[in-house]
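Step one of this worksheet: look at the structure below.
The values are calculated or read from the model by the stated rules, or taken from the named source; none is laboratory data. Predicted model, so just to flag it, every value in this text is computed and none were measured. Backbone-built Cβ (ideal geometry, glycine too); neighbour counts: all protein chains shown. Accessible surface is based on the protein model in full, side chains and every heavy atom, while ligands, DNA and RNA are left aside. Shrake-Rupley method; radii C 1.70, N 1.55, O 1.52, S 1.80 Å.
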Amino acid sequence: GGVLEGDEYAASQLTSIRDIPARALTWWYTNVVEKSPYNSTPVRLWQWLSHNVIKNDLLKYFAEATDWSKRLTSIMPNSKFTQLGSLIGTLKSEYGLEYAYCWHALTGYW
(Lines give C-alpha, C1' and ligand atoms only; values in the text may rest on other atoms or scores of the structure.)
Protein backbone atom coordinates (compact mmCIF):
# COMPACT_ATOMS: atom_id res chain seq x y z
CA GLY A 1 0.00 0.00 0.00
CA GLY A 2 0.93 3.58 -0.15
CA VAL A 3 -0.44 7.01 -0.68
CA LEU A 4 -0.94 8.89 -3.91
CA GLU A 5 -0.12 12.54 -3.48
CA GLY A 6 -3.17 14.72 -3.89
CA ASP A 7 -2.04 16.15 -7.22
CA GLU A 8 -1.20 12.66 -8.55
CA TYR A 9 -4.65 11.45 -7.56
CA ALA A 10 -6.35 14.50 -9.06
CA ALA A 11 -4.42 14.04 -12.30
CA SER A 12 -5.38 10.36 -12.44
CA GLN A 13 -9.04 11.32 -12.10
CA LEU A 14 -9.00 13.82 -14.97
CA THR A 15 -11.16 12.05 -17.49
CA SER A 16 -13.23 15.01 -18.65
CA ILE A 17 -13.45 18.78 -18.45
CA ARG A 18 -15.71 18.40 -15.39
CA ASP A 19 -12.77 16.98 -13.38
CA ILE A 20 -10.69 20.16 -13.55
CA PRO A 21 -12.09 21.47 -10.22
CA ALA A 22 -10.35 18.56 -8.41
CA ARG A 23 -7.01 19.64 -9.83
CA ALA A 24 -7.68 23.29 -8.91
CA LEU A 25 -8.69 22.39 -5.34
CA THR A 26 -5.60 20.26 -4.93
CA TRP A 27 -3.38 23.10 -6.10
CA TRP A 28 -5.19 25.57 -3.83
CA TYR A 29 -4.90 23.30 -0.79
CA THR A 30 -1.20 22.57 -1.38
CA ASN A 31 -0.14 26.11 -2.21
CA VAL A 32 -2.47 28.21 -0.07
CA VAL A 33 -4.19 26.29 2.75
CA GLU A 34 -1.15 24.28 3.94
CA LYS A 35 0.93 27.46 4.16
CA SER A 36 -1.73 29.55 5.93
CA PRO A 37 -1.86 30.17 9.67
CA TYR A 38 -4.43 28.31 11.73
CA ASN A 39 -7.86 29.97 11.75
CA SER A 40 -7.02 32.13 8.73
CA THR A 41 -9.60 32.66 6.01
CA PRO A 42 -8.17 29.99 3.66
CA VAL A 43 -8.10 27.41 6.46
CA ARG A 44 -11.65 28.23 7.59
CA LEU A 45 -12.87 28.08 4.00
CA TRP A 46 -11.18 24.69 3.52
CA GLN A 47 -12.76 23.39 6.72
CA TRP A 48 -16.19 24.46 5.52
CA LEU A 49 -15.66 22.96 2.05
CA SER A 50 -14.33 19.68 3.43
CA HIS A 51 -17.26 19.29 5.81
CA ASN A 52 -19.90 20.25 3.27
CA VAL A 53 -19.29 20.71 -0.44
CA ILE A 54 -16.41 18.27 -1.12
CA LYS A 55 -16.90 15.86 1.78
CA ASN A 56 -17.90 12.88 -0.39
CA ASP A 57 -15.05 13.49 -2.83
CA LEU A 58 -12.55 13.57 0.04
CA LEU A 59 -13.95 10.33 1.45
CA LYS A 60 -13.61 8.75 -2.00
CA TYR A 61 -10.01 9.97 -2.25
CA PHE A 62 -9.09 8.48 1.14
CA ALA A 63 -10.80 5.20 0.24
CA GLU A 64 -9.17 4.85 -3.18
CA ALA A 65 -5.78 6.53 -2.96
CA THR A 66 -4.63 5.99 0.62
CA ASP A 67 -4.36 3.28 3.26
CA TRP A 68 -6.51 5.24 5.70
CA SER A 69 -9.72 3.37 4.90
CA LYS A 70 -8.30 -0.09 5.58
CA ARG A 71 -9.69 -1.69 8.69
CA LEU A 72 -8.81 -4.55 10.97
CA THR A 73 -10.86 -7.54 9.83
CA SER A 74 -9.82 -10.07 12.47
CA ILE A 75 -7.66 -10.38 15.55
CA MET A 76 -6.26 -13.62 14.19
CA PRO A 77 -2.92 -13.44 12.32
CA ASN A 78 -3.02 -13.53 8.53
CA SER A 79 -0.43 -14.89 6.11
CA LYS A 80 1.88 -11.93 6.73
CA PHE A 81 2.56 -13.23 10.23
CA THR A 82 3.73 -16.77 9.46
CA GLN A 83 7.39 -15.88 10.01
CA LEU A 84 6.51 -14.13 13.27
CA GLY A 85 4.68 -17.28 14.44
CA SER A 86 7.72 -19.38 13.64
CA LEU A 87 9.97 -16.97 15.53
CA ILE A 88 7.69 -16.97 18.59
CA GLY A 89 7.55 -20.78 18.50
CA THR A 90 11.34 -20.95 18.48
CA LEU A 91 11.63 -18.44 21.32
CA LYS A 92 9.14 -20.39 23.42
CA SER A 93 10.67 -23.81 22.82
CA GLU A 94 14.36 -22.91 22.95
CA TYR A 95 14.39 -20.02 25.44
CA GLY A 96 11.39 -20.70 27.64
CA LEU A 97 9.47 -17.62 26.59
CA GLU A 98 5.98 -17.84 28.09
CA TYR A 99 4.20 -14.85 26.54
CA ALA A 100 4.82 -12.76 23.43
CA TYR A 101 3.10 -9.51 22.62
CA CYS A 102 3.20 -7.65 19.34
CA TRP A 103 2.09 -4.10 18.65
CA HIS A 104 1.96 -3.24 14.97
CA ALA A 105 1.85 0.48 14.36
CA LEU A 106 4.68 1.00 11.90
CA THR A 107 2.55 3.30 9.79
CA GLY A 108 1.42 5.30 12.81
CA TYR A 109 -2.28 4.48 12.63
CA TRP A 110 -4.62 1.52 12.79
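Among the trypsin sites (Lys or Arg not before Pro) in region 16-56, those placed in a DSSP loop whose Cβ has at most 11 other Cβ atoms within 10 Å are LYS35. Here each label is just a point 7 Å from Cα along the line to Cβ, and for GLU94 and ARG44 those points are 6.4 nm apart.
LEU45 contributes an accessible area of around 80 Å² to the protein surface, as traced by a 1.4 Å probe with all chains present.
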